[in-house]
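Down below is the structure, laid out as structure tokens.
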Amino acid sequence: MSGTKQPYPNAETTDIEEAKSALRQALRETRNARSERLRKEASQDIASTVLSIPEVKNAQRIALYASRAGEPSTLPLLNYLQAMGKTILLPVLGAGLQRDWATYAGEDDLLQRAPGRPPEPSTDALGPDALSTVDVILAPALAVDSSGTRLGQGGGWYDRALAYAQDGVKIIALVYPEEIYDAATRPLPREQHDLPVHAVATTTTWMNLPAEAL
């Protein structure tokens with residue numbers, strides 16, 4: 001978990017948004033420094049980890065996301081899950097914080113509709129409450145701590161979208177191994193509206209997070 005190479009907000013910073021912003025910038029810089037070869041290897045490794053999670057193996061409908069540059073690539077995972085016959089819902093971003101989902105129809109169907117946005121499917125939009133139909137949710141994150149606090153990209157999209165998830169559905173964040181923080185020594189900045197995750201998966205392993213985070 002936490003190590004000396006992990007970026008962390010200055011101890012004198014009391015503004016949570018300021019701390020989040022500084023941490024996001026540092027984490028993005030670290031991600032972007034990875035070579036293309038390491039990113040490709042990581043995409044296969046994280047797929048193997050996720051496919052070993054019981055809730056994922058047993059799920060029929062899964063919420064996932066098409067990764068953006070710098071994020072652990074989800075493309076191999078998307079294709080493995082599709083080959084297993086699972087239905088995969090991907091986010092569709094509307095104006096502002098509008099939330100929607102659509103069914104993954106294959107790699108060739110994905111299209112980046114605006115700079116900085118994740119690729120999206122062209123299939124019919126299902127509405128924000130489509131998330132209530134899935135068996136497990138795989139969510140992006142820049143970092144996660146051992147209490148379940150998730151640091152997202154800063155737009156608030158997922159915190160609002162996850163409100164539609166059914167009670168008891170596991171939310172699993174996908175990060176690189178060094179992006180898991182020890183909440184006892186380096187808790188991530190957290191606000192009241194920040195929804196926790198129930199588990200975290202990396203290129204090497206996955207773990208459930210404490211029951212208090214559920």
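Please treat every number below as a calculation from the coordinates, not as lab data. Quantities reported herein were computed from a predicted structural model and do not represent experimental measurements. Every residue, glycine as well, gets a Cβ built from its backbone with ideal geometry; the counts of neighbours run over all protein chains shown.
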**Fill in**
DSSP beta bridges in region 16-213: the antiparallel percent, rounded to 5, is 40
**Message:** Explain nothing, just the number: dipole magnitude of the chain about its Cα centre with +1 on each Lys and Arg Cβ and -1 on each Asp and Glu Cβ, in debye rounded to the nearest 20.
**Reply:** 400
**Item:** Simple Cβ-charge dipole of region 175-214, Lys/Arg +1 and Asp/Glu -1, about Cα centre, in debye nearest 20
**Value:** 40
**Asked** What is the calculated FRET efficiency for Ala105 to Asp129, with r their C-beta to C-beta distance and R₀ = 22 Å, to the nearest 0.05?
**Response** 0.60
**Item:** Reach of Lys86 by Cα under 21 Å, taken over lysines that are not fewer than 8 positions away in the same chain
**Value:** Lys57, Lys170
**Request:** Using only alpha carbons, build the gyration tensor for region 56-214 and give me the equivalent ellipsoid semi-axes, biggest first, whole Å.
**Result:** 24, 17, 16
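If I stretch the segment between Leu38 and Lys57 completely, what's the gain in nm (0.36 nm per residue apart, minus their alpha carbon distance), one decimal?
Additional length available on full extension: 4.2 nm.
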